[in-house]
Structures are given as C-alpha cells and as structure tokens.
Amino acid sequence: MFGGTHHSNPTPIFSHSEYPFSFVDSQQREYYYSRMKKEMGKYFLDLSKLIFAGIVLGNIFSGADFSRALILSTGLSSTVLFALIGFMLTIEGENL
C-alpha cells in the first residue's frame with residue numbers, strides 16, 4: 001500500500017523477557033500489585049482530604065455567595081467518591 005512489503009504477522013517490538021515484571025514470579029507479582037493498590041488507596045484518601053479542606057471548608061469560611069450550594073454539593077460528593085475509592089483500594093491491597 002505504501003511502497004513496502006505487507007507482513008501479515010509483524011514482529012513484536014519487545015520480546016517476552018523484556019516486558020515489565022517478567023523477572024518476578026507470580027507470588028512476587030501479587031505482592032507488587034497489592035503494594036500498588038495500597039499506595040493508590042492512600043493517594044485517593046489524600047485527594048479526598050485536600051478536596052474537603054480546599055473546596056468545602058474554604059467555601060464555608062469564605063464570604064463568597066456565588067453558587068455556594070453547588071460548590072458544597074460538588075465538593076462533598078467528590079470527597080465521598082475519592083474516599084470510597086481510596087478505602088476500597090486499600091482494603092483490596094491488604095487482602096491480596
């Protein structure tokens with residue numbers, strides 16, 4: 001089509017041994033995945049705390065009257081959402 005030969009099965013860029021975590025066995029891989037899930041859970045919990053402090057508390061203590069209910073509901077719902085994701089990932093990471 002573009003002046004080259006057509007290959008039905010192109011060669012892969014990486015061989016199987018070059019993939020990430022190919023040097024570890026399945027038990028070590030499960031350990032790494034559980035650590036990553038716990039760390040992501042901590043990250044989402046930190047996000048929920050920052051959103052609560054920045055948006056919800058900042059809006060309560062500021063004198064701005066612009067769409068206060070919308071900002072508070074958005075801040076509270078995102079805080080709860082990120083906290084739930086963080087708790088689920090942390091618990092999953094501990095159970096693996």
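The values are calculated or read from the model by the stated rules, or taken from the named source; none is laboratory data. Keep in mind that this is a model prediction, so the values were computed, not measured. Positions of Cβ are backbone-derived with ideal geometry, glycine not excepted, and every protein chain shown enters the neighbour counts.
Things to note:
- Scanning the range 49-94 for residues that are surrounded by 15 or more Cβ atoms within 10 Å (Cβ to Cβ) and on the phi > 0 side of the Ramachandran plot yields no hits at all.
- Residues that are touching a helix residue (DSSP H, G or I) at 6+ places or on another chain (Cβ under 6 Å) and closer than 27 Å to Ile55 by Cα, drawn from the range 82-96: Phe82, Ala83, Ile85, Gly86, Leu89, Thr90
- Some residue of the range 26-47 being at pLDDT below 90 and either part of a loop (DSSP other than H, G, I, E, B) or of a type in the set (Asp, Glu) (or both): yes
- Within the range 33-41, at least one residue is among the charged types (D, E, K, R) and surrounded by 14 or more Cβ atoms within 10 Å (Cβ to Cβ).
- Look at the range 45-66: where a residue is under 18 Å from Ile85 (Cβ atoms) and a partner is of a type in the set (S, T, N, Q) and surrounded by 12 or more Cβ atoms within 10 Å (Cβ to Cβ), sitting 6+ places away or on another chain with Cβ atoms under 7 Å, you get Ser48/Thr79; Ile51/Ser78; Ile51/Thr79; Phe52/Thr79; Val56/Thr79.
- Test: Ala83 is at pLDDT 75 or above, part of a helix (DSSP H, G or I) and touching a Lys or Arg at 6+ places or on another chain (Cβ under 9 Å): yes
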